[in-house]
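First comes the structure, then the notes that go with it.
The values are calculated or read from the model by the stated rules, or taken from the named source; none is laboratory data. Note that this is a predicted model, so its numbers are computed, not measured. Glycine gets a Cβ as well: all are built from the backbone with ideal geometry, and neighbour counts include every protein chain shown. Surface accessibility is based on the protein's heavy atoms, side chains included, excluding ligands, DNA and RNA. Shrake-Rupley method; radii C 1.70, N 1.55, O 1.52, S 1.80 Å.
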Amino acid sequence: MLNAFQQAWSSQDIESITAFFAEDLQFEDIPIGLHATNKDELREILDKTFCSVPDFKMEILEHYAGEGFVVTKWRQTGTMTANEYGLNLDQFPYATLTTCIIRLNAQGRITSVSDNWDTSPFYQ
């Protein structure tokens, strides 16, 4: 499941990504304060992300699975092509680490994602 999830993110396939999620969901990107509670809101976040970083890639480095959850450590890479959050980031290549807590329902669908990633490369 994680390999397919990683591939969907790395190919910027919004419909494939949202297919992993349950209808009722909680998605949060902690560093930049993005939240979604349904698939339509998640699609909006994904669309904004992939417009800002059209070469976005995810590489899962480690994962820890438990009953109904997975914790991952992954590398996010890409080239920021927009000036977001008051920073001049146009054509800014970056790589940063992300820690993610994923909760799953009994059917194996994602019910929540909490991403926390290192924003320091954007301030250097």
*Given the structure, is Ser114 polar (S, T, N, Q) and either in contact (Cβ under 8 Å) with a residue 40 or more places away in the chain or touching a Cys at 6+ places or on another chain (Cβ under 9 Å) (or both)?*
yes
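Any idea how many residues of region 16-34 are within 25 Å of Ala95 (Cβ to Cβ) and in a strand (DSSP E or B)?
Total meeting the criteria: 4.
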_Condition first: touching a helix residue (DSSP H, G or I) at 6+ places or on another chain (Cβ under 7 Å) and either charged (D, E, K, R) or farther than 15 Å from Met58 by Cβ (or both). Now tell me which residues in region 71-124 satisfy that._
Met80, Thr81, Ala82, Glu84, Leu87, Leu89
*Hits in region 48-92 (condition: in contact (Cβ under 8 Å) with a residue 12 or more places away in the chain, open to solvent by less than 80 Å² (accessible area, probe 1.4 Å) and outside any strand (DSSP E or B))*: Phe50, Ser52, Val53, Pro54, Asp55, Phe56, Gly68, Thr81, Ala82, Glu84, Leu87, Leu89
*Do you know which residues across region 13-30 are open to solvent by 30 Å² or more (accessible area, probe 1.4 Å) and touching a strand residue (DSSP E or B) at 6+ places or on another chain (Cβ under 6 Å)?*
Phe20, Gln26, Glu28, Ile30
*Looking at (1) open to solvent by less than 30 Å² (accessible area, probe 1.4 Å); (2) not in a helix (DSSP H, G or I), can you tell me which one Pro121 breaks?*
(2)
*Is at least one residue of region 93-113 open to solvent by 70 Å² or more (accessible area, probe 1.4 Å), among the hydrophobic types (A, V, I, L, M, F, W, C) and not in a strand (DSSP E or B)?*
yes
